[in-house]
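Right, one structure below, let's go through it.
The values are calculated or read from the model by the stated rules, or taken from the named source; none is laboratory data. Quick caveat: nothing in here was measured; it's all calculated off a predicted structure. Please note: Cβ atoms are built from the backbone with ideal geometry, for glycine as well, and neighbour counts cover all protein chains shown. Calculation scope for accessible area: heavy atoms of the full protein, side chains included, ligands and nucleic acids excluded. Shrake-Rupley method; radii C 1.70, N 1.55, O 1.52, S 1.80 Å.
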Amino acid sequence: MHDLAIVGLGPMGQNLARNAANHGLSVGVYNRTTSKMRDFITAHGSEQLQGYATLEELVGALKTPRRVLLMVKAGEVTDLTAEAIGGVLSEGDIMIDGGNSLFRDTIRREAHHRARGVHWFGMGVSGGEEGALRGPSLMPGGEPKVWDALEPLLRVIVAKDFAGGDCVTHLGPDGAGHYVKMVHNGIEYAIMQALAEAYTVMRDGYGLEAEAQEAFFAAVDAGPMGGFLTEISRIITATKDDRGAGWLLDQVLDTAGQKGTGRWTAVEALKLGVDGTLVTAAVNARVSSSDQPGRVARAEQYARQAPDTDTLPAWADTAPTLQTALEGAMLLAYAEGFALLRAAAEAYDWPLDLAEISRIWQGGCIIRSRVLTQWQAGFAAAPQAQPLALPWVVAALRTATPALQTVTALTARAAVSTPVLTGALQRHLAHTTARSGANFLQGLRDHFGAHTYQRLDREGVFHSAWGS
Ligand SMILES: NC(=O)c1ccc[n+]([C@@H]2O[C@H](COP(=O)([O-])OP(=O)(O)OC[C@H]3O[C@@H](n4cnc5c(N)ncnc54)[C@H](OP(=O)(O)O)[C@@H]3O)[C@@H](O)[C@H]2O)c1
């Protein structure tokens, strides 16, 4: 009898199944298209890893309570698949949704399946194909007793944090796990866009070749923000074209796809009144990238002066400043994500532990980085602190802010689009300005709508006859 069933043999399901079997778990797998299951079993099947052509056969071969991990396309497909599996499961069995589901769907599904006696457990999985095979970061949410039933099994397959702990923890009830995964992806969007902007500054502002770009990313990778995304930034800049001459990146079409988790994060930030400048800028950058023919046409219509590289500071001077600015923007991407998680904990009444979240993101996942040990220590020492109030964050951003000012002035001059670097600076200036310009907004609002205003010099709510 199998310890675990996996339904859905896309890249993630296949690699998680191999991971679990490699670690001694007995795994049964099923896929809608049976030929894909058969090919997979031909390549990787063993006594530990067996395939089934029907859900009935799969479910009949599981230990009780039955534990079925769904790794199917998020959205309607998850509902359809869950209905089919739910029909053959028994009371007390568990379905785990490892897809990138919207947390509100998880809340709905949990209630729906609970009413039928089957437990629904929402679990974010990060790390892509390689993480799924070698050890992902898992972000589970659901009933504590279901966590108890799954914990030993999940601990076997996950990545390790920097101190050797398991990159999994119970995050809270119903949608908490998928929410944390959503915010993880939002941070990922912002960091990736910041890295892409640094690349664009090098390529378009300075006309640097791949070797110099690689050297820059190697320096970032060796610095305090070093991690998976900085490492692969170095790798992709230094990869030769396997279908022609030159560098592979130079032949890649400049339109970026998206599957929704970044947009969900931006929308959630708006809903909860958290400043989501960086993730929103990153989503918008993908949106503008997607209309490549339109951009090419407008580049001609709005023809602007080619960047005058002669008036830019020498690259040797700019490189360390760009690195510090990039590191500041990356740090702010984490800060923005943690601020959203803090607000969500309150809004949805989830016991989100930011130190634990910083810990489970240290291995396996896409945003893993050395800096997460600092976030972990910072939140462990001050669990209720706002991210920007942590002393080490203050020190780092005091250094990064002038660099962001220099770099964004430079990119404005060179006409290089850097929405996340610029947004990071503007977000940070807004949050660290003692007297904002909102008194002007209040003046306008009170003038046209009698919306009233408060004063600095006395208590109360006031309305004035402006202009009289
Ligand atoms: N790829 C990543 O890096 C990554 C990382 C984290 C999380 N995720 C999430 O993990 C889940 C699996 O991702 P994936 O990349 O491995 O594969 P995917 O392409 O998102 O999904 C593939 C699976 O969904 C099934 N499927 C698709 N349309 C279906 C339909 N109309 N009815 C029934 N089944 C259908 C496929 O069955 P057939 O083979 O029969 O088409 C296959 O089993 C997704 O929710 C994804 O968002 C992915």
Report summary line: Restricting to lysines and to Cα separations under 28 Å from Lys73, and discarding same-chain partners fewer than 8 apart, the set is Lys36, Lys63, Lys145, Lys160, Lys181, Lys259, Lys271
Requested in this report: May I ask you to give the percent of accessible area on the stretch 331-389 that is carbon plus sulfur, with a probe radius of 1.4 Å?
Outcome: 52 percent
**Report entry** Heavy-atom accessible area ranking, 1.4 Å probe, most first, across Met139, Met192, Met71
**Finding:** Met192, Met71, Met139
Requested in this report: Could you work out how far apart the two model spin labels at Glu346 and Lys145 are, taking each label as a point 7 Å from the Cα in the direction of the beta carbon, and quote it in nm?
Outcome: 3.3 nm
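Under a 1.4 Å probe, what is the accessible area of the chain per residue, stated in Å²? Could the numbers behind the result be given before it?
Working: 21530 Å² over 468 residues.
Heavy-atom accessible area per residue stands at 46 Å².
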Query raised in the report: To the nearest 0.05, what FRET efficiency results for Trp392 and Ser46 with a Förster distance of 51 Å applied to their C-beta separation?
Result: 0.60
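When a/c reaches 1.5 or more, the comparison of a/b and b/c decides; with that in mind, is the stretch 146-241 rounded, prolate or oblate per its Cα gyration tensor? Let's see the in-between values first.
Numbers: a/c = 3.53, a/b = 2.34, b/c = 1.51.
Since a/c reaches 1.5 and a/b is larger than b/c, the shape of the stretch 146-241 is classed as prolate.
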Query - Pair Ala303, Ser290: separation of 7 Å Cα→Cβ label points (nm) - result: 3.1 nm
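Shape of the stretch 44-150 from its Cα gyration tensor (a ≥ b ≥ c, root eigenvalues): rounded if a/c is under 1.5, otherwise prolate when a/b > b/c, or oblate? Provide the component values of the computation, followed by the final result.
Values: a/c = 1.44, a/b = 1.05, b/c = 1.37.
Rounded.
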Report summary line: At the level of C-alpha centres, the distance separating the stretch 404-439 and the stretch 58-77, in angstrom, is 47 Å
Query raised in the report: So, with a 1.4 angstrom probe, what is the percent of accessible area on the stretch 4-174 that is carbon and sulfur?
Result: 50 percent
Report summary line: Subtracting the Cα-Cα distance of Glu57 and Arg114 from 0.36 nm times their residue separation yields 18.2 nm
Query - On Cα atoms only, tilt of 11-22 relative to the major axis of the chain in degrees - result: 60 degrees
Query raised in the report: So how tilted is helix 76-86 from the main axis of the chain? Cα-based, degrees 0 to 90, rounded to 10.
Result: 30 degrees
Requested in this report: For a quick protection proxy, order the peptides 118-126, 425-433 by their average other-Cβ count within 10 Å, most packed first.
Outcome: 118-126, 425-433
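Using mean Cβ contacts within 10 Å as the protection proxy, how do 212-224, 366-378 order, highest first? Walk me through the numbers before you get to the answer.
Numbers: 212-224: 18.6, 366-378: 21.2.
Those peptides, ordered most packed to least, come out 366-378, 212-224.
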Requested in this report: Sum up the charges of everything whose Cβ sits under 14 Å from the Cβ of Ala343, counting Lys and Arg as +1 and Asp and Glu as -1, but leave Ala343 out.
Outcome: -3
Report task. Could you work out how far helix 277-290 tilts from the main Cα principal axis of the chain, as a 0 to 90 degree angle to the nearest 10? Result -> 80 degrees
Report summary line: Over the chain, the sum of -39500 (n - 2.57) across DSSP H runs of at least four, divided by residue number and rounded to 500 deg cm²/dmol, gives at 222 nm -17500 deg cm²/dmol
Report task. Multiply the residue separation of Ala222 and Val461 by 0.36 nm, subtract the distance between their alpha-carbon atoms, and state the gained length in nm to one decimal. Result -> 80.7 nm
Report task. Distance from a point 7 Å along Cα→Cβ of Val88 to each backbone N in the stretch 1-33: keep the residues under 16 Å and list them by number. Result -> 1-9, 27-33
Requested in this report: Set the Förster distance to 35 Å, then compute FRET efficiency between His431 and Gln258 from the Cβ-Cβ distance, nearest 0.05.
Outcome: 0.85
Query - Solution diffusion estimate, µm²/s, Stokes-Einstein, the stretch 329-437, Kirkwood Rh from C-alpha pairs, 20 °C, viscosity 1.002 mPa s - result: 142 µm²/s
